[in-house]
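Chemist: Have a look at this one.
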Amino acid sequence: MVKGGETIMNTKYEITDLAHEKYPFLHRIRALRDIGSKVKAGDLGGFVECESNLSFETGDDAWIFDDAIAAGEGCVDKGSVLWERAIVCGCAYASHGTEMFGDSRAEDDAYIQGARLSQCARVSGNGMVLQSPTTKVSPILTGNCAVYGKVMGDVMLAGSVVVISDETISNDSLDTLSINERGRTILRVPSRDELAPRQPQENQKRPKDKGRDR
């Protein structure tokens, strides 16, 4: 890989000769060193088409486990992980600690930032699933939901919910917005309904009224 005019050697993993049973152009990876706390040197991982599918930059613990796949121009980086049979393909990008499980899929030009996808959840087209810049919470997608638009913040999509192109669902509140076939619900932790005394302000002195000092 060339970055900033400098060639970076891949000391993180190697692409083996173990081909995918259905897609022989994909091959399993093998760790060349310990990666994070769950991957040891010599462990086999999932499948890639080429080195650009999985980051090997220094300090990046992104990994592909089990029979998961990163193919085409798809990329997995910045601590993201694919498990089970998850797929990142096309020009899709899974980044910033994204976790994908089950048969979840990111395809086309999808961009996923720190979200969690499971079961058959899918992000397609120009779909974006993003962390809230305010609360730093990322969406959770499960079931057969599909995202073609934009989902951001503390949002849970489940079942067969579809977010169409140009549609945006965003939640920057302290509560979780849950959406499924039955509608929309707000999930609140019990402590949100309790009252607490106002926190004292430290050493805040009110400015003196100059007129009173005369």
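The values are calculated or read from the model by the stated rules, or taken from the named source; none is laboratory data. In this text, all values refer to a predicted model and were calculated from it rather than measured experimentally. For neighbour counting, all protein chains shown are included, and Cβ atoms are generated from backbone atoms with ideal geometry for every residue, glycine included. For the accessible areas, the whole protein counts, side chains as well, though only heavy atoms, and no ligand, DNA or RNA atoms are used. Shrake-Rupley method; radii C 1.70, N 1.55, O 1.52, S 1.80 Å.
Chemist: Given H placed 1.01 Å from N in the peptide plane, which residues other than close sequence neighbours of residue 74 have an amide H under 5 Å from its amide H?
Modeler: HN-HN under 5 Å from residue 74: 90, 92.
Chemist: Right, here's the next one. How big is the antiparallel share of DSSP beta bridges in the stretch 50-161, given as a percent to the nearest 5?
Modeler: Values: 0 of 29 bridges.
Counting DSSP beta bridges with both partners in the stretch 50-161, the antiparallel share is about 0 percent.
Chemist: Here is a follow-up. For the stretch 60-102, what is the convex hull volume of its Cα atoms per residue in Å³?
Modeler: Numbers: hull volume 2.1 nm³, N = 43.
Taking the convex hull of the Cα positions in the stretch 60-102, it is 48 Å³ per residue.
Chemist: Still on this structure, I have one more. Can you compute log10 of I(q)/I(0) for the stretch 130-170 with the Debye formula, treating each Cα as one identical point scatterer, at q = 0.18, 0.26, 0.34 Å⁻¹?
Modeler: The computed values of log10 I(q)/I(0) come out as -0.44, -0.84, -1.13.
Chemist: In debye to the nearest 20, how big a dipole does the chain give about its Cα centre with +1 on each Lys and Arg Cβ and -1 on each Asp and Glu Cβ?
Modeler: On the way: 26 positive and 32 negative charges, 291 e Å.
Here the size comes out at about 1400 debye.
Chemist: Using a 1.4 Å probe on the protein heavy atoms, what percent of the accessible area of the chain belongs to carbon and sulfur?
Modeler: On the way: 6200 of 12660 Å².
Carbon and sulfur together cover 49 percent of it.
Chemist: When the C-alpha atoms of the chain are aligned to their principal axes, what extent does each axis show, in angstrom, from largest down?
Modeler: 88, 47, 30
Chemist: GNM, the chain, Cα, under 10 Å: largest mean-square fluctuation among 112, 179, 87?
Modeler: Maximum fluctuation in the GNM of the chain, among the listed residues, is at 179.
Chemist: Could you please report the charge total around residue 189, scoring K, R as +1 and D, E as -1 over all other residues with beta-carbon less than 14 angstrom from its beta-carbon?
Modeler: Values: positive: 188, 192; negative: 154, 175, 193, 194.
Value of the local net charge: -2.
Chemist: Given a 1.4 Å probe and heavy atoms of the protein chains only, how would you sort 28, 184, 198, 105, largest accessible area at the top? Before the final figure, lay out the partial values.
Modeler: Details: 28 55, 184 160, 198 220, 105 80 Å².
Ranked list, largest accessible area first: 198, 184, 105, 28.
Chemist: For the chain, set up a GNM with springs between Cα atoms under 10 Å and report which of 56, 47, 25 has the largest fluctuation.
Modeler: 25
Chemist: Could you check the spin-label model distance between residue 9 and residue 38? Points 7 Å from the Cα along Cα→Cβ, value in nm.
Modeler: Between residue 9 and residue 38, the label points sit 2.9 nm apart.
Chemist: Between residue 18 and residue 52, with labels modelled 7 Å along Cα→Cβ, what's the label distance in nm to one decimal, could you check?
Modeler: The answer from the label model is 2.6 nm.
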